[in-house]
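Only one structure is covered here, and it is reproduced in the block below.
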Amino acid sequence: MREVHVDAIASAISEMCQSAGVALTDDMLQALEKAYRDEQSPLGRHAIRILLDNARLATATGVPYCQDCGVAIVFARVGQDCHVVGGALSEAINEGVRCGFAAGYMRASMLQSPLDRRNTGDNTPAVIHYDVVPGDRLELAITLKGGGSENMSRQAMLKPADGVEGVKRFVVETVANAGPNACPPLVPGIGLGGTFDKSTYLAKKAIMRPIGEFNPDPAIAELEKELLVLCNETGVGPQGLGGIVTCLWTPIEVYPCHVTALPVAVNIQCHANRRREVIL
Amino acid sequence: MSQTEHARSIRIPFESSQVIRDLRAGDALLLSGVMYTARDAAHQRMLQGLERGEELPIPVEREVIYYVGPTPPRPGQAIGSAGPTTAYRMDPYTPQFIEMGLGGAIGKGYRAAEVREAIRGRAFAYMAAIGGAGALLGRCIKEASVIAYEDLGTEAIRRLVIEDFPVIVINDTLGSDFYEVAQEPWRRTGGGG
Ligand code: SF4
């Protein structure tokens, strides 16, 4: 059995938090550059120009790309032949978030409880999704998820009779309704099928997929293409200032579902799409 | 913010209520002067204080409130990343501040119909800064000092000295909404604000 020490986990998480805080991924930067070329509305283009300048400045100066450094969301794929030693895995992940946010001069946004609203002061705890997979590796993927876009996310238990048209309508309405509140251009992650909870998990998983990578199922990939066109017909545009680039990508994740159900979830990701991943 | 070359330089606090009344939805402005930060927690606390008969910790007459929770500065910096937060969370409090003479607020996103109505006819402008451009906007902030509610951390009230801070007027005294105006020509399907 392969061993991975908690210290290695904490330091990997800490580094990913710091680097994600100041730099978008290359796929995201390329998508914004393409958006700048494609956008026809002068005001929309100007907004994207500012976002690209902001990205360059953040990377050059080490000042976070966005002041909302987000909730640390971690997808941990734990190989069943991988043994974590030296402590608890979840605690190691939280330790990494704690150190990374302090070292990167990042904003702590997590509260102790939704009702007493006292800040924990170090942006912990992270939201962690575990998956046990074959192999002896530990794969960690992280995203720093901003609140403004998360708040505009929605889920619906559609009727099977609503069909694919109902799904499209719900996604487009959610994007239009999010508008400038969610800092477009957006990447709405779409979860289709499963149960109530599974659909929202799928939507979150969808935003972890690199921009430009379609769903392997050709029929779903077609739906992704169509949804991108439909979302960009809302007119919302960059920053809600009007235009043809409201969304950069519309990734869909799918899971089997119950005979009575058609769950759909849309997890709105803003342009501060800050992902990292590592294999230990 | 539209075409920065067309942006008008404006001093804040606004020099007169006429200056505010002359602002139109869609105007691009570069603000310089002094403004104050406050998010939902600070708004709530200010209004609770007023109810207890306490004075507000900030002046409001023709002043501007910036909805922001910045990142901590690195040594030698005035402030860290400092872009706008979503404005609708302040909707329950804004009409009362307009009543007290506040001149403007900066955030991002749609305002509730009640807020747009409260703005109509008053010397108040809701302005948007580019959401998520925190590193760039932080650069326009030259000084920052916490002046109230320090225990709120990032949500404490700060006094900011700013230079050429870019905003665009969204809701003006005539009741116009620039998001609606700007999106309409590009809309091909249903949906919208
Ligand atoms: S929605 Fe995203 S880009 Fe906008 S303020 Fe929040 S984290 Fe930043």
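The values are calculated or read from the model by the stated rules, or taken from the named source; none is laboratory data. Keep in mind it's a predicted model, so treat the numbers as computed, not measured. A quick note on method: Cβ atoms are made from the backbone with ideal geometry, for glycine too, and the neighbour counts reach across all protein chains shown. Side chains are part of the model used for accessible areas, which takes the heavy atoms of the whole protein and leaves out ligands, DNA and RNA. Shrake-Rupley method; radii C 1.70, N 1.55, O 1.52, S 1.80 Å.
Within 10 Å of the Cβ of each residue in A:47-55, the mean number of Cβ atoms contributed by other protein chains is 5. Shielding by partners for peptide B:75-82, expressed as the average number of C-beta atoms from other protein chains within 10 Å of each residue's C-beta, is 5. Of the residues B:Leu56, B:Leu174, B:Leu102, the one that moves most in a GNM of chain B with alpha-carbon contacts below 10 Å is B:Leu56.
Taking the charge dipole of region B:3-189 about its Cα centre, with +1 at Lys and Arg Cβ atoms and -1 at Asp and Glu Cβ atoms, the residue from B:Ala182, B:Gln44, B:Val167 reaching farthest to the positive side is B:Ala182. Judged by the mean number of other Cβ atoms found within 10 Å, the most tightly packed of the peptides A:212-225, B:72-85, A:142-155 leads the ranking A:142-155, B:72-85, A:212-225. Unpaired cysteine residues in the protein assembly as shown (no second Cys Cβ under 4.7 Å): A:Cys17, A:Cys66, A:Cys69, A:Cys82, A:Cys99, A:Cys257, B:Cys140. Taking a sphere under 11 Å around the Cβ of A:Asp217 and counting the other residues whose Cβ falls inside, with K and R at +1 and D and E at -1, yields a net charge of -3.
Would you work out the charge dipole size for chain A about its Cα centre, treating the Cβ of every Lys and Arg as +1 and the Cβ of every Asp and Glu as -1, and quote it to the nearest 20 debye? Dipole size: approximately 560 debye. The label point for A:Arg118 and the one for B:Val161, both projected 7 Å from the Cα toward the Cβ, are 3.6 nm apart. Peptides A:101-111, A:245-255, A:12-22, B:145-155 ranked from most to least packed give A:245-255, A:12-22, A:101-111, B:145-155, packing being the mean of other C-beta atoms within 10 angstrom over each peptide's residues. Per-residue ellipticity at 222 nm computed for chain B from its helices equals -5000 deg cm²/dmol, with DSSP H segments shorter than 4 residues left out and the rest contributing -39,500 (n - 2.57). Applying D = kT/(6 pi eta Rh) to chain A, where Rh is the Kirkwood radius over alpha-carbon pairs, T corresponds to 20 °C and eta to 1.002 mPa s, the Stokes-Einstein value obtained is 111 µm²/s. In the context of the full set of protein chains, chain B has a per residue accessible area of 40 Å² (1.4 Å probe).
Placing dummy labels 7 Å off each Cα toward the beta-carbon, the span from A:Leu158 to B:Leu174 is 4.1 nm. Averaged over peptide A:255-266, the number of partner chain Cβ atoms lying within 10 Å of each residue's Cβ comes to 0.
Taking Lys and Arg as +1 and Asp and Glu as -1, the other residues whose beta-carbon sits under 9 Å from that of A:Val278 total -2. Counting only protein chain heavy atoms and rolling a 1.4 Å probe, the accessible areas of B:Tyr67, B:Tyr88 rank, largest first, as B:Tyr88, B:Tyr67. Result for chain B in a Gaussian network model with C-alpha springs under 10 Å: among B:Val60, B:Val181, B:Val115, the largest mean-square fluctuation is at B:Val181.
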